[in-house]
Every structure is written in C-alpha cells, then in structure tokens.
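**Q** Dropping the structure in here first, questions after.
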Amino acid sequence: MALPAEAISADLLAAQNRLAQLQAKSRTERLALGAPVDRNSHGRTPVPSPLQLPSDLPAHLGWGSVPLTAVARKTTTPTLSEIEDRRLEIGDDALSPILPAPTPPDKTVKLYPDIAAGLFQRELTAPGRIWLLLRHVDSDGRGWLDVAEVRAQLSDKESPWQVCGWRQLRNLLNKGEGIFWVRADGRIWLRSITHVAAALQVTRLVLPPVALPVSSLTKNIGQVRAHLYASFHSSRGGKMETERPGAASGSPSAPIARATIASMTHVIPRTQRRYEKAARVHTSHNFAIGGKPNAETVEEATWQHGQATFRLNDKKGLQGTNGQSYIAWQLPNSYAGPHRSQPKGQQKRINQALSDLFMQGMTGNGQRLLEKRFYGHGRAAAQAYNRGTVQDIYWYDGRGSNGRARIWYCLESRKK
C-alpha cells in the first residue's frame, strides 16, 4: 500500500533523490567501463559468466565447444588493458564517487627518547639517523647489511631512502664506527639498542619509546633533529594527542621548565623553540590558583614564584563566589609531540643489560629521576601530599582548558 505524498517527510524525499542520483552516476560509470548495468529482482548487479552464450551463435554449437568458450570470454570479460584505457578516458575521480582512494600508512621505526638525547649530547645525530634508517632497511632482522646494498639504499638518487651522496655516507660510516655498527668483509653489522645506548653513555632508558616516521628521517638534517627532539615530548605527553580543545583530560602532560628540558635532552631553549615549530609540537600554558590574597600570602607567593605571580579576579565565579580574588601564578608549559607512543617491549631487559655493562659509580649522561609534583586528579595529589613532601603538589581537574591554557590547583607543602 503506497503512502500519500503528504505522509512522506522531506528528509525521506531528499534521501530518495540522492539515491537516484548516485544510481544514475554509477550506471554511467559502469557503462564507460564496459561493466554490466542490468540488475536482478534483488536489486543486485549479476556477475557475468565467462561462458554466457551470445544470442547470435548457431544452435548446433554446444557448451563444450572450444570456439564458443573463446568467443564468450572475449565478449563478456574485458581485459585489464581495456579497463585501464577506459579509466584514463573517464578520469580517476569518477572511479568511486563515495570512498576516497586508500593511502598506505607511513612506516615507522621505534625510537627511545633517551637515545635521542644521547645523540644530541655526543653530537652524533647525523650518523644516528643512518643507524635508524639501516634498522628499518634491515626488515629481516639479520643484523647486517652489505655495503653495496647500503650505498644503493641511502646514496642512490632513485632510492626512496636517499639522504646523502656516497662520499658523505662514507664519512658518516667512519664517524659511527664502533658506536652504531662494525664493518667487516664488506658488511655492516648493526649494533643493538643496548650497545648503542652504552656507547652513548645512556645508563638507563627512562622514557617509553615512540613511533618515528621513516619519512621524517629522509628530510634535511634540521628536520631530523627536530623530530629527534620532539620524541621527548611525544613520550611524555602521548595522552594529549587525542585531547580536543575545551574537553576534559584526566592526565595531561605535566608542566616542565625549559631548563629541565635542556638538562634532559641537551638542547638549549632557543633551539627548543625552533625544533618545536618545525616538528609541530603542541604547547599549552599552565596557571596555578592559590588562596585569597592578603599581605602575608602575597609576600609568600611573590617570594616563591617571583614575577610569575599575579592577582586573579574571578568575575564570573568560576572558582567560587562572583568577584572573588585569588593569588595565581604561571607554571611552566606543557607539550605534546606529534608521534604515537609505543609499548615498552624489552625496555626492562635492556635496562638490566645496561646495568651490567656499566661499572658501579659511572655517572653516564646525567640522567635523573624527578620527584613527581603534578597529578591528573585531586585524589592522587592528596595521597602524595599526605605522604609528606618538600615541594608544592599540583592537580588538574579537567576544567578551565581551551586547548592553549590549563588551570592547576596547588597544595602547599607543610615543610616550608
């Protein structure tokens, strides 16, 4: 029973018109490709049979006729070259009006940010780039590559991994000898992550690894260094990659001062800003809110935080009563890198091997574990506060974020 026209909604009519347009467009494309366009009673396009009988064949020919089979296949099934010629005639855009052409994902190589920091400290980012590329080229995991193969992969202009000429590649191979690889009998034997970390004086892998796109390693050396530096922020702030502006986040990356970043990555602050811009590191500003201002609290806050202290007038009552004033100060920025985080995998085993390689008392590269001060919610901050600490504890409740700034709350230490 058909429905009256006035009972059909405008949305349904629009959908039917859209469906009719797509069907007409699909029919035109299939005609251009020489594909069948007739549909059966179920609305599906029948699959052509290679033995479908043409209507003008003599009646005495049977199904077992070799000439009939050859004619039927030639008539019903277009060759690959014919299909490609017809696609060129109608254009690639008409092949699929709905689904875009799939693009293969960029291949990645696992990078530990602590090793990247060791490359900066020893000024070995250029040969370190070659080591990472060779680990990717060695897809079979043999642990060695022929020198001729390395030359073809990294120096040939036709290679997708070409980064420099053969003369420069020889210089880099000489510079990285004994650190990243050992050459013998025309082969380059790649050293493991453990031995490379030990050669770079990295005593422990603290931060989890990230997935570094191989395509970033084939760019100019400045871009390579920017991504090596950005791996530090990607490892610390991986959970911020999925955060949307204005949305609550239970665990943002902790604020960190540029002096601290410099001590851990061995990149000076001026270069940090340049690398962050080149690698598209997302920066968020952080502010802390304290108590109500009076002569004593203002003097104490100014003594602790210096020129970062200011008076916050809460006109809209976001923190309490409308028009209430609070002591506030700016915290260091938070950062989120562009790389995906990776599972730790054998990081624990690597650290055990590193502890065996280093003698007791060796200082390494100055790595140190920082006391945690920033927490993603108030409960964890309260637990840390009750354990006693000599530093202020900060916590974040997910509010007051607009993608560029966050508001933190402070539990002042009782041991001041």
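No value in this document is a laboratory result; all are computed from the given coordinates. None of these values were measured; they are calculated from a predicted model. Ideal geometry is used to build each Cβ from the backbone, glycine not excepted, and the neighbour counts take in all protein chains shown.
**Q** Which pairs break 19 Å Cα to Cα here: Lys110/Lys157; Lys219/Lys344; Lys107/Lys219; Lys110/Lys175; Lys292/Lys315; Lys157/Lys219? It would help to have the intermediate numbers written out before the result.
**A** Working: Lys110/Lys157 26 Å; Lys219/Lys344 27 Å; Lys107/Lys219 15 Å; Lys110/Lys175 23 Å; Lys292/Lys315 14 Å; Lys157/Lys219 14 Å.
Correct reply: Lys110/Lys157; Lys219/Lys344; Lys110/Lys175.
**Q** So for the pair Leu19, Val182, with labels modelled 7 Å out along Cα→Cβ, what separation do we get in nm?
**A** Inter-label distance under the simple model: 7.1 nm.
**Q** Now, a different point. Quick one: grab the alpha carbon gyration tensor of segment 139-237, order the square roots of its eigenvalues as a ≥ b ≥ c, and give me rounded if a/c is under 1.5, else prolate or oblate depending on whether a/b is larger than b/c.
**A** oblate
**Q** Under the rule of at least 5 residues apart or a separate chain, name every residue whose amide H is placed under 5 Å from the amide H of Arg191.
**A** Trp181, Val182
**Q** Rounded to the nearest 0.05, what FRET efficiency do Asn322 and Thr302 have when you use their Cβ-Cβ distance and R0 = 41 Å?
**A** Working: r = 26 Å, r/R0 = 0.64.
In this case the efficiency is close to 0.95.
**Q** If amide hydrogens are placed 1.01 Å from N in the peptide plane, which non-local residues have theirs closer than 5 Å to the one on Tyr375?
**A** Tyr394, Trp395, Tyr396
**Q** For segment 200-211, what does the Karplus curve 6.51 cos²θ - 1.76 cosθ + 1.60, with θ = phi - 60°, yield as ³J(HN,Hα) per residue in whole Hz, taken in order and with x for Gly and Pro?
**A** So the Karplus estimates, Gly and Pro as x, are 8, 6, 8, 7, 7, 8, 8, 8, x, x, 10, 8 Hz.
**Q** So for segment 108-232, averaging the separation of alpha carbon pairs under 8 Å that are six or more residues apart and normalising by length, what relative contact order in percent results?
**A** Working: 156 pairs, mean separation 52.2, N = 125.
Computed over segment 108-232, the figure is 42 percent.
**Q** Amide H of Asn333: which non-local residues (sequence gap of 5 or more, or other chain) have their own amide H closer than 5 Å, using H built in the peptide plane?
**A** Counting only residues 5 or more places away or on other chains, the set is Ile256.
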